[in-house]
1. What does the charge dipole of the stretch 1-81 about its Cα centre add up to, to the nearest 20 debye, if the Cβ of each Lys and Arg holds +1 and the Cβ of each Asp and Glu holds -1?
2. Which whole number in µm²/s is D for the stretch 23-83 by Stokes-Einstein, with the Kirkwood Rh taken over Cα pairs at 10 °C and 1.306 mPa s?
3. Once both labels are modelled 7 Å past Cα along the beta-carbon direction, what's the Q4-Q48 spacing in nm?
4. Please give the contour-minus-distance gain from H118 to D40: 0.36 nm per residue of separation, less the Cα-Cα distance, rounded to one decimal in nm.
5. In square angstrom, what is the accessible area per residue of the stretch 1-149 with a 1.4 angstrom probe?
6. Taking 25 Å as R0, compute the FRET efficiency from the Cβ-Cβ separation of S56 and V144 and round it to 0.05.
7. Give the ranking of M75, M1 by solvent-accessible surface, highest area first, calculated with a 1.4 Å probe.
8. Hey, got the dipole for the chain? About the Cα centre, +1 on K and R Cβ, -1 on D and E Cβ, debye to the nearest 20?
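The values are calculated or read from the model by the stated rules, or taken from the named source; none is laboratory data. Keep in mind that this is a model prediction, so the values were computed, not measured. Cβ: placed from backbone, ideal geometry, glycine included. Neighbour counts: every protein chain shown. Please note that ligands, DNA and RNA were not included when accessible areas were found on the heavy atoms of the full protein model with its side chains. Shrake-Rupley method; radii C 1.70, N 1.55, O 1.52, S 1.80 Å.
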Amino acid sequence: MNLQIYLAGQIHDPWQKTFAKHCRDKELSVDLFGPMEDHDLSDHIGEQIIGKQPTSILKDESASSINNLRTKILMNKADVVVAYFGDAYRQWNTAQDCGTAISLNKPLILVRDPSLHHALKEISNDAQVTVDTLEQATDVLSYVLQPNGYTAK
């Protein structure tokens, strides 16, 4: 079985690469995809496609409509969503992605430090699994992908 996994979360640190390495180390059969990681392209895509906007608000709205379309298309292709809440950046996009995953009835693995428990309790309650680390998330996926259950290390 090959799982299609949408990686929901901020794009400013290399957590996606860390997660991909954990998947490779565990030899998981997965395809990973997620938000546009080219921040400048993500911010300017609206104007690149429909032209210069008269205000920064309209510029943001034109880009976000295209980014939201991309997210919805990719999440619809996903078998599962892994949402990572780090501590270095504001996590509005991650929360938005969790809401999209929940509304699309996609299985959700929430990864957050225990210090974020209270702030994320409602999302955690809607997620199928909540873990503290990216490695724990790959352990969950390893279990899911085992034909007859989890094989311990």
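1. In debye, rounded to 20, the stretch 1-81 gives about 180.
2. 119 µm²/s
3. Modelled inter-label distance: 2.3 nm.
4. Answer, rounded to one decimal: 24.8 nm.
5. I get 57 Å² per residue for the stretch 1-149.
6. So the FRET efficiency works out to roughly 0.05.
7. M1, M75
8. 260 debye
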